[in-house]
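Colleague: Sharing a structure here in structure tokens format.
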């Protein structure tokens with residue numbers, strides 16, 4: 001091993017009284033060498049992020065604290081140093097890229113001011129020199145027009161641009177260790193590929209040790225030298241990337257890898273010739289009106305959906321794939337009449353529904369329902385789960401007792417305990433809340449189900465459970481499904497046909513296997529090329 005930068009020995013991190021376990025992390029031993037990438041993988045709650053925060057001295061003490069063990073950095077035990085020394089280490093010698101840049105960046109400071117703050121605290125440098133260095137950093141992370149980005153605030157940048165700005169801040173002083181905590185989880189595959197390449201370039205330039213936290217085994221396959229697998233605060237397996245990914249020993253590691261969707265599309269079911277949904281020439285534009293109170297500069301016009309034509313046949317699953325901003329979710333909301341279209345026709349069972357009045361549309365609501373991406377935001381926190389599920393049928397005139405009985409049945413169908421009926425959404429995990437969202441969408445016995453990124457925020461094993469559940473329900477209830485995703489691995493295993501969207505337009509459609517085998521559009525080829533771990537064959 002090269003020069004050892006980080007040496008974690010027998011680390012214990014204690015949780016507050018009343019937590020689900022005594023220790024968030026226990027008996028953890030990890031090492032990181034100069035120029036090496038160590039990936040720490042595991043599900044939510046496994047202790048990955050708290051281990052990283054302990055290295056940075058960012059644990060929420062006194063409620064969560066290191067009670068035993070050492071975190072050695074260049075021969076110095078970080079758990080024993082005082083606050084002033086910790087501040088010196090942070091940023092200059094150990095830096096961290098956080099999972100969500102929008103919450104990690106200061107919303108009332110420009111990007112330039114936040115980078116300048118790093119230099120002002122750690123380096124004796126004039127203001128002009130600091131500005132020059134900040135612009136160079138933004139250019140190094142391939143941000144367009146660095147001078148303009150310097151003046152911009154976090155909310156004015158895209159997710160990928162904010163992540164790049166945070167990387168620039170983290171690398172400002174060429175730290176010896178870079179900790180990356182799920183830095184690409186919320187990004188599209190092409191942006192993710194760019195960020196991973198950028199981190200690799202910076203690592204090579206400075207021989208930095210990278211501690212990379214993720215639950216995406218595709219990313220691990222692409223960037224890791226060594227891997228440590230964590231479960232319930234314990235490191236259950238570690239080794240080289242080849243050992244852990246291709247010959248996993250621990251049952252937990254085997255289960256995680258087994259849950260990773262394959263990039264080989266599954267065999268499509270025979271396609272019915274009976275269309276249940278038809279979308280013809282649909283467009284939707286936002287903005288373009290006058291400024292505030294009718295004065296000022298006109299708002300920028302955004303054509304979110306442009307002349308889209310699609311059809312969905314009975315019993316099939318149509319996948320809509322593309323990056324953020326491609327118009328996938330806007331199209332879904334137009335189809336389900338959560339927003340009105342500018343032009344075009346949306347027909348269900350031959351009836352054009354996008355021209356119906358609200359009152360006339362009401363009976364058709366029972367035929368088409370939606371599962372939203374964020375179940376916590378879409379479930380009313382003040383209403384018990386049973387009432388959330390029964391609400392739709394009651395609104396449609398079904399007797400409350402019958403609606404409650406249906407809700408209890410659906411709670412069982414989606415694999416939840418019957419006691420869930422009288423509990424509130426905050427009492428459930430993310431995967432359980434998604435099951436509640438699915439149960440709610442099925443309460444009206446729809447013919448068509450639209451699933452908008454239903455598994456994008458879930459761990460790989462929970463994701464597999466939800467996908468299996470949707471498959472089972474679709475067959476059991478003879479549903480037709482529109483499945484929206486930016487994860488092509490998921491699309492390969494779920495969808496019979498695909499529609500690829502870019503900038504509001506459908507650029508390619510066809511059978512999933514055909515598109516994966518011979519993509520015709522250059523954008524589709526770019527998406528497939530950017531899938532992390534595409535050359536790694538998942539063990540069956």
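Every number here is computed from the coordinates shown, using simple stated rules; none is lab data. From a predicted model like this one, the values you see are computed outputs, not experimental measurements. Glycine gets a Cβ as well: all are built from the backbone with ideal geometry, and neighbour counts include every protein chain shown.
Colleague: On a full-extension model of 0.36 nm per residue, what is the gain between residue 236 and residue 362, subtracting their alpha-carbon distance, rounded to one decimal in nm?
Modeller: On the way: separation 126, 0.36 × 126 = 45.36 nm, distance 5.30 nm.
Going from the current span to full extension adds 40.1 nm.
Colleague: Let me ask something additional. What FRET efficiency do you get for residue 400 and residue 351 if R0 is 30 Å and r is their Cβ-Cβ distance, rounded to the nearest 0.05? Working shown, then result.
Modeller: Working: r = 30 Å, r/R0 = 0.99.
Efficiency for this residue pair is about 0.50.
Colleague: Please state the shape class of region 85-219: rounded when a/c is under 1.5, otherwise prolate if a/b exceeds b/c and oblate if not, all from the C-alpha gyration tensor.
Modeller: On the way: a/c = 1.63, a/b = 1.21, b/c = 1.34.
It is oblate, given that a/c is not under 1.5 and a/b is not larger than b/c.
Colleague: Which residues does the label zone of residue 511 cover in region 252-275, counting backbone N under 20 Å from a point 7 Å along Cα→Cβ?
Modeller: In region 252-275, the label zone of residue 511 (backbone N under 20 Å from the point 7 Å along Cα→Cβ) covers 262-275.
Colleague: Further question: Which whole-angstrom value gives the distance between the alpha carbon centres of region 402-432 and region 151-214?
Modeller: 40 Å
Colleague: Put one equal scatterer on each alpha carbon of region 101-174, apply the Debye formula with no solvent term, and list log10 I(q)/I(0) at q = 0.13, 0.19 1/Å to two decimals.
Modeller: -0.30, -0.67
Colleague: For residue 86 and residue 374, what does the FRET efficiency come to when R0 = 45 Å and r is the distance between their Cβ atoms, rounded to the nearest 0.05? Walk me through the numbers on the way to the answer.
Modeller: On the way: r = 35 Å, r/R0 = 0.77.
That pair, residue 86 with residue 374, gives E of 0.80.
Colleague: Figure the gain on full extension for residue 419 and residue 528 (residue separation times 0.36 nm, minus the Cα-Cα span) and round it to one decimal in nm.
Modeller: Working: separation 109, 0.36 × 109 = 39.24 nm, distance 4.33 nm.
Working it through step by step, the gained length comes to 34.9 nm.
Colleague: Which residues in region 86-120 have a backbone N closer than 18 Å to a point placed 7 Å from the Cα of residue 148 along the Cα-to-Cβ line?
Modeller: What the label zone holds, given the 18 Å backbone N cut-off, is 110-113.
Colleague: If you take the square roots of the eigenvalues of the alpha-carbon gyration tensor of region 234-287 and sort them as a ≥ b ≥ c, do you get rounded (a/c under 1.5), prolate (a/b over b/c) or oblate?
Modeller: Working: a/c = 4.39, a/b = 2.26, b/c = 1.95.
Prolate, since a/c reaches 1.5 and a/b exceeds b/c.
Colleague: I need the fraction of alpha carbon pairs in region 1-51 separated by more than 18 Å, rounded to a whole percent. Numbers along the way, then the final one.
Modeller: On the way: 501 of 1275 pairs.
Summing the P(r) of region 1-51 above 18 Å gives 39 percent of all pairs.
Colleague: Now a separate question. What is the spin-label model distance, in nm, from residue 266 to residue 155 if the labels are put 7 Å beyond Cα along the C-beta direction?
Modeller: With each label placed 7 Å out from Cα toward Cβ, I get 4.3 nm.
Colleague: Apply the a/c threshold of 1.5 to the C-alpha gyration tensor of the chain and tell me whether it is rounded, prolate or oblate.
Modeller: The shape class here is prolate.
Colleague: In whole angstrom, how far apart do the alpha carbon centroids of region 38-96 and region 359-381 sit?
Modeller: 43 Å
Colleague: Can you compute the modelled spin-label distance between residue 254 and residue 67, with each label point 7 Å from Cα toward Cβ, in nm?
Modeller: The two pseudo-label positions are separated by 3.3 nm.
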